[in-house]
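For reference, the structure discussed in these notes is given below.
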Amino acid sequence: MRMKDDDLIIAGKKIRSRLITGSGKYCNDRLIKDVLDAAECDIITVAMRRIDFDRPQESILNFIPKDKTLLPNTSGARSADEAVRIAKLAQAMGCGNWIKIEVINDQKYLLPDNIETIKATEVLVKEGFVVFPYMCPDLASARRLVDCGAAAVMPLGAPIGSNRGLQTKDMIEIIINEISVPVIVDAGIGRPSHAAAAMEMGADAILLNTAIAASEDPVKMAYAFKCAVKAGRAAYKAGLAGESYFASASSPLTGFLS
Amino acid sequence: MSISVMLNGKQTVLEKTETIGDLLREKGLEHNKVVVEVNRNIIKQHQFEQFTIKNGDKVEVLRFVGGG
């Protein structure tokens, strides 16, 4: 079932799927099309790298259907300046002006540098980019990103590729409650249940890569994540019932056995 | 006359002066699937055939790869 009028709108563009996937880590890039079909994704992320002339490989673009929206990232950037440089190179590919800002100095946890991310966002928004900043979940930073014109904010659930789920749940919930632009939980989502939990909480979308690409059967896992994201969204829209410490009988406790 | 350039971070000798279009053809790369930067300036695709690489240029040829 598809809920009416529940499309995600980002920068005026209607996005039917609230699941965004990455294109990295596939053992065979030919799987990507089937994964996108199973996940019903509209948006896919890509990275930009130097061509290795000694080991030429087929372009990733050959494996991504033309109707998908590309969201290039600035992975590899260690500063705002480097992120801006990569963003401009990505734009020069002629695949649109959407950019995921990823500025990372920390190689152990791959945690993003919010300060450099804010600087890059400010520059790129002014240059007409639609900016999706990947960030550590911090409300003050999220507010600054919105002030700079970010199209969405993308707080991490756990370190990239860790599959540890919503370790930052409370901080993400605060951002969801306080921030006006779409909140996309990016990184750390390892299981469909993690994705469903984030969506139940009110996240607008999920971005994940490793959990699908590194699973035993990426196409089946893509389907599982699609279902989880839809279930979580439907639950959020339905309004979850309240929790209590004590029991509350579901069956009438009429006293004929007393 | 051969020229020496820094191509994707490696010192590389090109046998003759050539355009970006020549270089991409030599490497078997499609124009619309790469982006080229020379001395930190992005060269637009429609300029590939006219833009001549000079001795000492720093040339970067990049493309999209899988990423999250």
Strands (runs of 3 or more DSSP E) enclosed by the stretch A:1-56 - at least 1 residues per element that are under 22 Å from B:G66 (Cβ atoms): A:13-15, A:19-22, A:43-50
With respect to the numbered conditions (1) of a type in the set (A, V, I, L, M, F, W, C); (2) in a loop (DSSP other than H, G, I, E, B); (3) within 8 Å of chain A (Cβ to nearest Cβ), which one is the sole condition not fulfilled by B:L62? (2)
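Among the residues of the stretch A:179-202, which ones are in contact with a helix residue (DSSP H, G or I) (Cβ under 6 Å, 6 or more places away or on another chain) and without any contact (Cβ under 8 Å) to a residue 60 or more places away in the chain?
Step one: of the stretch A:179-202, the residues in contact with a helix residue (DSSP H, G or I) (Cβ under 6 Å, 6 or more places away or on another chain) are A:179, A:181, A:183, A:185, A:189-190, A:192, A:195-196, A:199-202.
Matches in the stretch A:179-202: A:I179, A:V181, A:V183, A:V185, A:I189, A:G190, A:P192, A:A196, A:E200, A:M201, A:G202.
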What are the pairs with Cβ atoms under 6 angstrom where one residue, in the stretch A:225-246, is modelled with pLDDT of 95 or more and the other, located anywhere, is in a loop (DSSP other than H, G, I, E, B)? Sequence gap at least six, or different chains. A:K226/A:E40; A:V229/A:R18; A:R233/A:R18; A:Y236/A:G202
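Specify which of the listed residues (B:D57, B:D22) is out of contact with any Cys (no Cβ under 9 Å at 6 or more places or on another chain), under 14 Å from B:N8 (Cα atoms) and more than 12 Å from chain A (Cβ to nearest Cβ). Let's see the steps before the verdict.
Values: B:D22 fails: under 14 Å from B:N8 (Cα atoms).
Only one candidate passes the filter, namely B:D57.
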Could you tell me whether the stretch B:51-60 includes any residue that is in contact with a helix residue (DSSP H, G or I) (Cβ under 6 Å, 6 or more places away or on another chain) and either touching a residue at least 12 places away in the same chain (Cβ under 8 Å) or small (G, A, S) (or both)? yes
Note on A:G188: of the conditions (1) assigned to a helix (DSSP H, G or I); (2) surrounded by 15 or more Cβ atoms within 10 Å (Cβ to Cβ), unmet is (1)
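State whether one or more residues within the stretch A:132-153 are within 18 Å of B:I42 (Cβ to Cβ) and either free of Cβ contacts under 8 Å to residues at least 60 places away in the same chain or within 14 Å of another protein chain (Cβ to nearest Cβ) (or both).
No, there is no match, as no residue in the stretch A:132-153 is within 18 Å of B:I42 (Cβ to Cβ) and either free of Cβ contacts under 8 Å to residues at least 60 places away in the same chain or within 14 Å of another protein chain (Cβ to nearest Cβ) (or both).
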Exactly one condition in (1) under 10 Å from the mean Cα position of the chain (by Cα); (2) closer than 21 Å to A:A47 by Cα; (3) more than 8 Å from chain A (Cβ to nearest Cβ); (4) not small (G, A, S) is false for B:H31; which is it? (1)
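Each row is one residue, and each column tells you yes or no for (1) of a type in the set (S, T, N, Q); (2) under 19 Å from A:L61 (Cα atoms); (3) surrounded by fewer than 16 Cβ atoms within 10 Å (Cβ to Cβ); (4) out of contact with any Leu (no Cβ under 7 Å at 6 or more places or on another chain).
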| site | (1), (2), (3), (4) |
| --- | --- |
| B:M6 | no, no, yes, yes |
| B:V13 | no, no, yes, yes |
| B:L29 | no, yes, no, yes |
| B:V34 | no, yes, no, no |
| B:E37 | no, no, no, no |
| B:K44 | no, yes, yes, yes |
| B:N55 | yes, no, yes, yes |
| B:K58 | no, no, yes, yes |
| B:G66 | no, yes, no, yes |
Could you go through the stretch A:90-111 and let me know if any residue there is within 12 Å of chain B (Cβ to nearest Cβ) and free of Cβ contacts under 8 Å to residues at least 12 places away in the same chain. yes
Per-region count, the stretch A:18-50, residues over 14 Å from A:L70 (Cα atoms) and either under 15 Å from the mean Cα position of the chain (by Cα) or of a type outside the set (D, E) (or both): 13
Candidate set: the stretch A:38-52, residues that are out of contact with any helix residue (DSSP H, G or I) (no Cβ under 8 Å at 6 or more places or on another chain) and without any contact (Cβ under 8 Å) to a residue 12 or more places away in the chain; chosen: the one nearest to the other protein chains (Cβ to nearest Cβ): A:R50
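The values are calculated or read from the model by the stated rules, or taken from the named source; none is laboratory data. Because the structure is predicted, anything quoted here is derived from the model rather than measured. Cβ coordinates were reconstructed from backbone atoms using ideal geometry, including for glycine residues, and neighbour counts include every protein chain displayed.
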